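Peer 1: My questions will all concern the structure given below.
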Amino acid sequence: MISYQIVEHGKPLQRAVMDTPKPQGTEVLMRITRAGVCHSDLHIWDGYFDLGGGKRFYVKERGCVPPFTPGHEPFGVVEAVGKKVKGVKVGQKRLIFPWIGCGKCAVCKAGQDNYCVSGSRFLGVNRPGAYATHVLVPDPKYLIDTAGIDDSFASTLACSAVTVYSAINKLPPLGPKDAVAVLGCGGLGLIAISVLRAKGVRNIIGCDIDDAKLAAALKQGAKSTVNTRAPDAAQKLQGIAAAVDLVGAPATAALGIAALRKGGRYVICGLFGGELVHPLPPIAQRAIGIVGSYVGNLQELKEVVALAKRKKLKAAPVTTRPASEVTAILEDLKAGKILGRVVLAF
Ligand SMILES: [Zn+2]
Ligand SMILES: [Zn+2]
């Protein structure tokens, strides 16, 4: 098998040739045909997340040690199965759920692999990922049939769409007039708007610093937009029931939290970086919620796939490029040159 590995953080990925693993027991060997390139792959490439105040979280602390193969939006074809595998056959195309937990702790057993407390096996995060021709999956239950959905788009559901979907699942119960702000209208923001609409939310406010992205948000179904660089942005957002922060920067957090009405909720899943300093009494007095959301669980990914099959998810533009261009793609992503999502093809 061939994989594209981070050998040194921030340096070009290296093409490595190694033995293809043989699946044992319940394992399934997938031949990867598509792998989405996610913004968080840039943090893995750099080797750290910015915690603000000059502090960093290094990815080696969670088991991502070079040489390492990233890629957590995997899609492929079943190439071989272990003796105990049931329910999938060689040759079938499947989306791979990458947020695999230990499978044994109470959290995993409750279906929350993404919050595993005793040894997660996240593909492309602390296990070899999908920037490779082959990936070993521990159990066929992590494979999802996406028939009818374009293969490249399907791969992006595994992180970008399920992350947004899970964040939206954490919103409080909403009345018909309640406003929800979507902070950041890039690829994730546009999916968020379509998920909110699919859930019946109508008063959606798209927020960004880029007018072109705001125009796209309106087209996607936002009721109104706010350019957050405008001096009256905070005033315009005042009284929202909820904010979904897909950026995760000090400015977006401050804006979203300050604009909440009493009982409102701010959900953060963007990982841009920085820190939050906030007075404590108003959190209690305003009864607001500040909630984090990280990727999503297997059931949520199945629900996302069902939405996509019913054409309820409007895709951000997806471009498919050869896997050998991965370093150039990461550089383009870092430079902000990519609109929507790039998916590697093998
Ligand atoms: Zn991701
Ligand atoms: Zn677990």
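The values are calculated or read from the model by the stated rules, or taken from the named source; none is laboratory data. For clarity, every value in this text was computed on a predicted model and none was experimentally measured. SASA here: full protein model, heavy atoms, side chains in, ligands and nucleic acids out. Shrake-Rupley method; radii C 1.70, N 1.55, O 1.52, S 1.80 Å.
Peer 1: How much length is gained on full extension from residue 92 to residue 199, taking 0.36 nm per residue of separation minus their Cα-Cα distance?
Peer 2: Working: separation 107, 0.36 × 107 = 38.52 nm, distance 3.12 nm.
Result for the pair: 35.4 nm of gain on full extension.
Peer 1: Turning to a different aspect of this structure: Jot down the radius of gyration and Dmax of the chain, Cα atoms only, both in angstrom.
Peer 2: 20.0, 63
Peer 1: Using only the alpha-carbon atoms of segment 1-98, report the extent along each of the three principal axes, biggest first, to the nearest angstrom.
Peer 2: 51, 25, 22
Peer 1: On to the next question. How large is log10 of I(q)/I(0) for segment 236-346 at q = 0.14 Å⁻¹ when the intensity is taken from the Debye formula with one equal scatterer per alpha-carbon?
Peer 2: Log-scaled intensity ratios, in q order: -0.81.
Peer 1: Provide the solvent-accessible area of residue 102, counting protein heavy atoms only and rolling a 1.4 Å probe, rounded to the nearest 10 Å².
Peer 2: 20 Å²
Peer 1: Explain nothing, just compute: Karplus ³J(HN,Hα) = 6.51 cos²θ - 1.76 cosθ + 1.60, θ = phi - 60°, for every residue of segment 137-152 in order, whole Hz, x for Gly and Pro.
Peer 2: 10, x, 7, x, 5, 8, 9, 10, 6, 10, 3, x, 9, 3, 4, 5
Peer 1: Another one. Using only the alpha carbons of segment 203-277, what is the convex hull's orientation-averaged projected area in square nanometres?
Peer 2: Details: hull surface 20.0 nm².
Approximately 5.0 nm², given one-decimal rounding.
Peer 1: Another question, then. Viscosity 1.567 mPa s, temperature 4 °C: what is the translational diffusion coefficient of segment 89-224 from Stokes-Einstein with a Kirkwood Rh over Cα pairs, rounded to a whole number of µm²/s?
Peer 2: Numbers: Rh = 17.0 Å.
The estimated diffusion coefficient comes to 76 µm²/s.
Peer 1: Suppose all protein chains stay in the model; what accessible area per residue would a 1.4 Å probe give for the chain, in Å²?
Peer 2: Heavy-atom SASA per residue in the chain reads 45 Å².
Peer 1: Longer than 32 Å from Cα to Cα, which of 11/89; 11/104; 86/309; 312/334; 84/312; 93/314 are they? Say none if no pair is. Provide the component values of the computation, followed by the final result.
Peer 2: Numbers: 11/89 39 Å; 11/104 37 Å; 86/309 24 Å; 312/334 30 Å; 84/312 36 Å; 93/314 22 Å.
Beyond 32 Å: 11/89; 11/104; 84/312.
Peer 1: Calculate the radius of gyration of the Cα atoms of segment 159-317 to one decimal place, then report Dmax, the largest Cα-Cα distance, as a whole number, both in Å.
Peer 2: Rg, Dmax (Cα atoms, Å): 14.5, 45.
Peer 1: Right, next: So for the chain: antiparallel DSSP bridges make up what percent, rounded to the nearest 5? If you can, show how the numbers build up before the last one.
Peer 2: Values: 30 of 57 bridges.
Antiparallel bridges make up about 55 percent of those DSSP assigns within the chain.
Peer 1: Now for a separate question. Quick one: 3J(HN,Hα) in Hz for segment 81-86, Karplus 6.51/-1.76/1.60 with θ = phi - 60°, rounded, Gly and Pro as x.
Peer 2: Working through the residues one at a time gives 10, x, 5, 9, 7, 10 Hz.
Peer 1: Summarise the accessible area of segment 190-229 (1.4 Å probe, protein heavy atoms) by the percent that is carbon and sulfur.
Peer 2: Details: 880 of 1830 Å².
The C+S portion of the solvent-accessible surface of segment 190-229 is 48 percent.
Peer 1: Next up: When only Cα pairs under 8 Å and 6 or more residues apart are kept, what is the percent relative contact order across the chain? Present the calculation step by step, with values, prior to reporting the outcome.
Peer 2: Details: 809 pairs, mean separation 65.2, N = 346.
It comes to 19 percent, rounded to a whole number.
Peer 1: Further question: As a test of reading the structure, rank 61, 79 by solvent-accessible area (1.4 Å probe, protein chains only), most first.
Peer 2: 61, 79
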